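Here the structure is laid out as structure tokens; the discussion comes afterwards.
Bear in mind these aren't lab numbers, they're just calculated from the coordinates by the rules spelled out. All of these numbers come straight from a predicted model, not from anything done at the bench. Heads up, the Cβs are rebuilt from the backbone with ideal geometry, glycines too, and the neighbour counts pull from every protein chain shown.
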Amino acid sequence: MPRHSSGDPERLVLMGGRSHPALTSAIGDALGVAPSPVRLRTFSDGAIEVKLEVNVRGRDVYVVQSGHANPNDHLMELCFMVDAARRASARGITAVLPYFPYGKGDKKDEPRVSIRARVVADILEVSGIDRVLTIDLHAGQLQGFFRVPVDNLYALPVFAADVERLVAAGEVAEPVFVSPDAGRAKLARDYSRRLEGIGAGVAIGDKVRPTQDERSEVSAVLGSVAGRDCIIVDDIIFTGGTLCNMAQALIDSDARSVRAMVTHGLLTAGAANAIARSPLVEVVVTDSVPLPPNAGPRVRQISLAPLLAQAIRSIHEDSSISRLFE
């Protein structure tokens, strides 16, 4: 484990891989720290080379890398940056993973399958990390896969502020937060409690996956949504099938409008077309991963950079990070 930091801003080194340079820059702007340069090259055989271009001896290094498209390359690049910092005598190394790679592989739900998230945790620890900072893990149990501290921040405060803005602008009234399945019911209730002052309600979808792929079906809506503005809350959107099916089920239940707020907007395999054909007014996502260029006009992105910057500052100054979970 690293020694306690003095909180000296000169000891803070922020750097990022090639997965999401825009977010690294935005975090740097919020911290008032310029990201340090890293030489990253991919050779003709696909091998990756990393060289840190600044002295990190005795300094606290925060490496930003998301795990979306090409997660294998991004994971190896992260490990090599961590290893380079460790071999260059960094005081402490925090892996900042806005979107945790292989986060959905958190359990053995079929015979003879790998628990991939646990493998990723082992790889990162062997590489030399001292801490993990991430956002909205798919399953909280992933924190237990690590022997180093894990700070799993919530995007809820960022989205809640956006809902308050929509209410103030008259775009949303009497909102109902909708969980697409029972597994996200607590999240919907957390939103409702956070925004109880505006009379927010809760509803839950009965979602099933008839096969082991990403397709899902919504068979029922539990809760009163008639005549109200519904907001579906979830952690990840891939193809958009779950969101679009849920949105249609809510409209069929006489909801006045439906929008969605999802932390990690991967938007793969025709998600933009599915959203465009759906009754969704808009889908709000964070910048935990880059917004695909073909996301479409109904997808809006809000930034996690200020939240991550606050967390990095707290870690660096050895001050409490718990206020960011409130």
For the residue pair ALA182 and GLU196, what label-to-label distance in nm results when each label sits 7 Å from Cα along the Cα-to-beta-carbon direction?
2.5
Taking every pair of alpha-carbon atoms in the chain, what share in percent sits in each 20 Å bin, from 0 to the bin with the longest distance?
31, 55, 14, 0
Once both label points are put 7 Å beyond Cα along the C-beta direction, the GLN143-VAL281 separation in nm becomes 3.4
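Full extension from GLN301 to ALA47: what is 0.36 nm times the residue separation minus their Cα-Cα distance, to one decimal in nm?
Numbers: separation 254, 0.36 × 254 = 91.44 nm, distance 3.28 nm.
Once the chain is fully extended between GLN301 and ALA47, it gains 88.2 nm.
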Provide the percentage of antiparallel DSSP beta bridges, counting only those with both residues in the chain; round to the nearest 5.
20
Relative packing of peptides 178-189, 236-247 - highest average C-beta neighbours within 10 Å first
236-247, 178-189
7 Å from Cα along Cα→Cβ at both ASP318 and ARG256: what's the point-to-point distance in nm?
5.3
Compute the long axis of helix 116-127 from its Cα atoms, compare it with the longest principal axis of the Cα atoms of the chain, and write down the angle in degrees, 0 to 90, nearest 10.
20
Tally of Lys pairs whose C-alpha atoms are under 29 Å apart, taken over the chain, 8 or more apart or cross-chain
7
